[in-house]
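*Asks:* Please see the structure below; I have some questions.
The values are calculated or read from the model by the stated rules, or taken from the named source; none is laboratory data. None of the values given here were measured: they were computed from a predicted structure. Because the Cβ atoms are built from the backbone with ideal geometry, glycine has one as well, and the counts that use them run over all protein chains shown.
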């Protein structure tokens, strides 16, 4: 069962990555194992909080870092202040959001528009 902001698809990818690393290590050592052996060890790694990207105490999302109280997860909807002008609470999402339009979305929209115009008669534009 995921904890906090964990994504099930990401956990599956991490488990596959860990299993592949284990299998590679075992094969390099010249040992023979079954898929069940690898799964037996890969699944508990995921349950204990080990991840493919990092499982050390320096990873902000690692369970050990959170158990050491060196990091914590907060909701983006958590209230962090109050705006007296609008008489509304300020959330973490409001502080981090940009007012400018995303350049990737602008470029994608321009490409779609160009493709649309290319399929139509110039008189229809």
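*Asks:* Does the range 20-29 contain at least one residue that is at pLDDT below 80, surrounded by 10 or more Cβ atoms within 10 Å (Cβ to Cβ) and assigned to a helix (DSSP H, G or I)? Spell out the reasoning first.
*Replies:* Step one: list which residues in the range 20-29 are at pLDDT below 80, which gives none.
So far as the range 20-29 goes, no, none of its residues is at pLDDT below 80, surrounded by 10 or more Cβ atoms within 10 Å (Cβ to Cβ) and assigned to a helix (DSSP H, G or I).
*Asks:* Condition first: more than 20 Å from the chain's Cα centre (by Cα) and farther than 24 Å from residue 47 by Cβ. Now tell me which residues in the range 63-80 satisfy that.
*Replies:* 79, 80
*Asks:* Going by the conditions given, is residue 72 exposed (fewer than 10 other Cβ atoms within 10 Å of the Cβ) and touching a helix residue (DSSP H, G or I) at 6+ places or on another chain (Cβ under 7 Å)?
*Replies:* Numbers: exposed (fewer than 10 other Cβ atoms within 10 Å of the Cβ): yes; touching a helix residue (DSSP H, G or I) at 6+ places or on another chain (Cβ under 7 Å): yes.
In short, yes.
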